[in-house]
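Structure, as structure tokens:
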Amino acid sequence: MQEETINKYIIIVSIISSFAVAFTSNAVSVALPVIAHDLSISNIMQNWIVSIYLLIIAAASVPFGKICVKYGLKCTYEIGLIVYMLGAILSGMAPNISVLMISRIIQALGSAVLFVNGMALITAQLPENKRGQSIGFTVTGVYIGLALAPTISGILSQNVSWRSVFYVTIPLTLISLFLLMRIKKEWKMEEEKPIDIHGSLLYVVGIILLMYGFTKINEPAGIILFILGILVLVRFSKYELKIKNPIYEIRLFKNKIYTASNIASLISYFATFVVTYILNYHFQYIHGLDPQTSGIVLVVTPVIMAIIAPISGRLSDKYPPQIITAIGMGLVTIALFILTFLDKTTPFALVLLAMVLQGIGFGFFSSPNSNIIMSSVDKDDVGTASASLSTVRTIGQSFSLGLLTVVFAFVMGNVPIIPSNYNLLIQSSQITMAIATFLCLIAVFLSLKGLNYHKEKKNIE
């Protein structure tokens, strides 16, 4: 098979897989009120249906980053697709919340492999002058998944069943599996290096304690778990610096461009992921829209992201990507500031304006920022860099939804979302958006700081 054909297959598989994983995470958001009613669960448990998925991806991505490059990006990608499909099938069949949570864990393990391998394969196979645009196409797959998820989920939840939402991506993952099996080439970069099991365990335990503790930060036990998580991760970092073949190359953070871009990515997802959930709750609970109508409205932001992402990816191959990311996060900051005032009287046109600005802004941020991270490391470190992209994304998303869960706990308590609690729901949304706006401002400055590092590096060269 010619290299050009392999390149096309890899890009297609990466786009499809990115679409599938993004669709799964976002489609569930629109179905949450229906799932909550069907399974009789509270507001906080609703959020955990998504949070458990993100938590497992964040915990698994770093060790999977090393495992995949050691045993082969292609074969582990195939295994990831199979595990992902198994989790999707079991989620759709779940008779209660306990089984649904276990099924989401299985699906998240498969998703972690897909997250890691998509970017790693593109970076390992494609030439540098085509990498930014290819990453842009992959990010477009994410945003198309995010775009179609609300509409398809709303239609299925209202007219078929929330269970059918989990089955939508199965045909797509089968197509990806078929294309990968046609490729005979394999990518193994660290075959001779042993897997750092001790470091992997420290990381997994630390990140789970940190993220779970954050969602319970309003309770003494949550504070203790959060602090323990920080301590374990500090221990993990010190251990990784001492050994020869670490599971995560901490030394990469000596690269200032890499560090600034990763932190900017973490904060951006922390600030923005929760917006879909807040708007969905606002549409369905406050304004009484059905899931189908809410899904159609929520399609605006990700559709715009999908249009902008390949454009910004191509621009990042030609111009300093830090400038593009800073402009993007500036627009997102304005959008979130508008939503800080969201209440019963907010004009729909103003909400729509915020959604459009967020779509344009994040579309300009995501692809260039991913290109910065992946291009700032040597080829031997693409597995770690790809795992970093996945990890900061899912940690940010989990913290974002965790932030809403914490605000719910402080303002509303652990209660069903019913009309008597709607004023508290509005108050919770406003507080969350105010915090998110401040976080976006930090991401803007980090992007600009990255520009300074870029100039310094160019001057040295």
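The values are calculated or read from the model by the stated rules, or taken from the named source; none is laboratory data. What you are looking at is a predicted structure, and each value in this text was computed from that prediction instead of being measured. Note that we place each Cβ from the backbone using ideal geometry, even for glycine, and neighbour counts take in every protein chain shown. Areas reflect the complete protein model, heavy atoms only, side chains present, ligands, DNA and RNA absent. Shrake-Rupley method; radii C 1.70, N 1.55, O 1.52, S 1.80 Å.
What the table shows:
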{"read-out": "Test: residue in segment 133-155 that is over 21 Å from the mean Cα position of the chain (by Cα), open to solvent by 10 Å² or more (accessible area, probe 1.4 Å) and closer than 27 Å to residue 297 by Cβ", "value": "yes"}
{"read-out": "Meets criteria (in contact with a helix residue (DSSP H, G or I) (Cβ under 8 Å, 6 or more places away or on another chain) and outside any helix (DSSP H, G or I)) for residue 35", "value": "no"}
{"read-out": "Selected residue [open to solvent by less than 20 Å² (accessible area, probe 1.4 Å) and touching a His at 6+ places or on another chain (Cβ under 9 Å)] from 247, 207", "value": "247"}
{"read-out": "Pairs with Cβ under 7 Å, 6+ apart, first in segment 108-130 and aromatic (Phe, Trp, Tyr), second open to solvent by less than 20 Å² (accessible area, probe 1.4 Å) and in a helix (DSSP H, G or I)", "value": "115/21; 115/57; 115/61; 115/390"}
{"read-out": "Set 450, 383, 359: member being open to solvent by less than 10 Å² (accessible area, probe 1.4 Å), at pLDDT below 85 and closer than 23 Å to residue 315 by Cβ", "value": "450"}
{"read-out": "Residue match in segment 417-428 (condition: open to solvent by 60 Å² or more (accessible area, probe 1.4 Å), touching a helix residue (DSSP H, G or I) at 6+ places or on another chain (Cβ under 8 Å) and modelled with pLDDT under 80)", "value": "no"}
{"read-out": "Breaking point among (1) over 22 Å from residue 442 (Cα atoms); (2) of a type in the set (Phe, Trp, Tyr); (3) open to solvent by 20 Å² or more (accessible area, probe 1.4 Å), for residue 283", "value": "(3)"}
{"read-out": "Residue in segment 232-249 that is farthest from the chain's Cα centre (by Cα), counting only those that are in contact (Cβ under 8 Å) with a residue 12 or more places away in the chain and not in a helix (DSSP H, G or I)", "value": "243"}
{"read-out": "Residues (open to solvent by 10 Å² or more (accessible area, probe 1.4 Å) and touching a residue at least 60 places away in the same chain (Cβ under 8 Å)) located in segment 250-259", "value": "252, 255, 256, 257"}
{"read-out": "Subset of segment 394-416 [aromatic (Phe, Trp, Tyr) and more than 13 Å from residue 47 (Cα to Cα)]", "value": "410"}
{"read-out": "Some residue of segment 113-125 being assigned to a helix (DSSP H, G or I) and either open to solvent by 50 Å² or more (accessible area, probe 1.4 Å) or on the phi > 0 side of the Ramachandran plot (or both)", "value": "no"}
